[in-house]
Every structure is written in C-alpha cells, then in structure tokens.
Amino acid sequence: MKRKIFDLLMEVKTEVLKSLKHSGADIIPREVQATQNPQAPIVDDVVFVAIQEEQPKAISFDSKRKSITPETRYFQIQDGDCSRKIAYTVSGDMDADNLLLCLPGLLETKASFLVIHAYFLKFDNCKVISIDFSGRGESDYVDEHGAYKMSLYLSDISQLVQGTILVDGKMSQKLTILGTSMGGVLAMYLTQIFGSRIYEIILNDIALTVNWTSLYALYKSMKNDLGFKEVRELAEDLSVDHKAISDVQLPGHFDLSYQADVWGMNFHEALEGYKGRVGLIHGSESKICTKQRVAEAKSFIPNIQTLEVANAGHPAPFNLAVCDFIQAEMGV
C-alpha cells in the first residue's frame, strides 16, 4: 500500500510537470516526497504515511492571477472563553472561482489530500483547501473540559468556510466539498448550512446509510490497535490527540441528528432540500460503502455520479482515475 502511494505521488508529479511544461509557464513546483515507514499503523485499512514537504514558494500561472504550491495557514476559532487554531493547507489560484474543500476521515489529517493538491496545480482558476480537524495534525487540541464530537467539527468547518473561503460574496464561486468517510458525513450536514452556495459534494466511500455491523468492525479495529500500542504512542504516530482517539469511540461523539433503524445510521435527512450535485467514490471491496448502500444512494439521488475503484477497501485511494473523476465533477 505504501509503495502504491509513493508511486502515485511520483505519477501525479510527472503529469503536473508535463502540463506546466506544455503550457510554457515559468514554474518550479514543490517536490513531494513520501517516506516509507514499516511501522506505520493501520486504522480501518488506512495506512498513514509520513509526508515530507519542502518550504512552499509562490508561483504564477499568468500576470493576473497568483497561484501557490501547498502551504499551511491557520484560522482562529473562538470556543467559549478560549480560542483554538484550525490548520488548513491551501494551494492553487488564490482568486479562483472553482473551490475544492477537502475534509479528512476519522483519524486522518489534511496530509491525506496532498495528491489532490498536486493534481490540481496544473489547472487554472482552481483552489484546493484541506483541513485538520481539532485534535488532529497541526490544529489545536480542545481543552481538558472539552470533548471531540461531530457538532464541534461542523461548527469549526462552518466558521472557517465563512471566514476564509466564501468571504468576498462572489456568486461565480463554485464550492465543491470532498469528504472522506466521516468527512463525507460532515459534507452532507454542511449542505444544511450553506445550501445553494455548495455546487457539489463528493463522498469518498460513505453513502447515506452506515451499517451497525460496519461501525462495530471499525471500532473493533481501533480497539485492537490500542491493545497493541499505548494510546499516547499511537496518537503521536497519527498526529492525533489521544483524547480524540478515546472520544470517537464514545456514543456521544456523533451528536448530530440522524435516523436509526435495524440496519444502521441514516443520513438522508441531511440532504433534504439540497439541490446541488452529488458524487460518490467507493471501493469495490469496501465494508463501509457496500454495493447495497451504493444502490440505495442511487435510488434516493437519481442524478448521483458514481465511480467504483477496483480492488479498493475503505476509503478509496486518490489514484489518477479518482482525481480525474473529481476534476470532471468540478467542471475545471
């Protein structure tokens, strides 16, 4: 798996270089290197690979628009009497109309979208933003009295979107939200907040229902990992607050409204009234987004666009076919 990720990064880099060379742009892109760590922990079929980046430098596709390679920025969140900073990576055309907001999975960080950042550098009029949720990556932890829960992430994302993404009131902006697993669930709930300002949501291996059996298997795998490694050591390896690892396994972690039945958790109501586009990427071997759940999503959203990734589990990897699907859905 780690070798495939490394090869994919090199393939995307080569395609970007070819594109920039053919366009005649005077650009020296940032090198993206993936280090291989045989001790990297696996959580729910996700291999966390350490990504090393050089210091980003400003680049320019033309004299009118300024573009940058991926760089980390911070947004201040007021949380009661305290403030926290949310880290996000941004790249591409800073004046773009096409905006892609990337939300990671349960224990992922914004680094899982570095391939997406690299891929979209070859497109003009496109800006990519990926986020570290609170307690992950470079974002601040909640204080000892706080708790990690879905409503917290949803509030943080909403404030960041209002404060840094949809700030100039340009109606020509097209905001697409790409969400992996838990990030996809949050993307659905964001449609209730931003409505028509969202052009499309693209769900990575998460449909409108998650089976109880799938959730049980996910949490069981997390507990097994914790059994083999001390929680603080695992948290350090994943760049995740050890309290977040504990909180995500509590019933109160998912505190948003949903419908429950004998099969699982249903998020259909989160999309009620949403008129924008929906895309769904799913692994052919996924235990979370099964073929049954894909079929159900197609019946509930007739115009949904789907892509099955062969031999992939949960979540689907960002290979070139997936990147091309995202680009086509965005219309850039």
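Looking across the stretch 134-155 at every residue that is open to solvent by 10 Å² or more (accessible area, probe 1.4 Å) and in a helix (DSSP H, G or I), the one that is nearest to Met188 (Cα to Cα) is identified as Leu154.
Anything in the stretch 276-289 that is at pLDDT below 95 and open to solvent by 30 Å² or more (accessible area, probe 1.4 Å)? List them, or say none. Scanning the stretch 276-289 gives a single hit, Lys287. Which of the residues that make up the stretch 308-328 are crowded, with 18+ Cβ neighbours inside 10 Å and more than 16 Å from the chain's Cα centre (by Cα)? Hits for the stretch 308-328 are Val309, Ala312, Gly313. Can you name the condition, by its number, that Val115 falls short on among (1) open to solvent by 10 Å² or more (accessible area, probe 1.4 Å); (2) more than 17 Å from Thr180 (Cα to Cα)? For Val115, the failing item is (2). With a requirement of 3 or more residues that are within 23 Å of Glu236 (Cα to Cα) and in contact with an Asp or Glu (Cβ under 9 Å, 6 or more places away or on another chain), the strands (runs of 3 or more DSSP E) lying completely within the stretch 79-133 that satisfy it span 82-93. Looking across Asp81, Asp124, Asp93, one residue alone is open to solvent by less than 20 Å² (accessible area, probe 1.4 Å), of a type in the set (Asp, Glu) and either at negative phi or out of contact with any His (no Cβ under 8 Å at 6 or more places or on another chain) (or both). It is Asp93. Screening Leu107, Leu103 for residues that are at pLDDT below 95 and crowded, with 24+ Cβ neighbours inside 10 Å leaves exactly one candidate, Leu107.
The values are calculated or read from the model by the stated rules, or taken from the named source; none is laboratory data. Predicted model only: the values in this text are computed from it and were never measured. Virtual Cβ from ideal backbone geometry, glycine too; neighbours counted across all protein chains shown. In case anyone asks, the SASA skips ligands and DNA or RNA and just uses the protein heavy atoms, side chains included. Shrake-Rupley method; radii C 1.70, N 1.55, O 1.52, S 1.80 Å.
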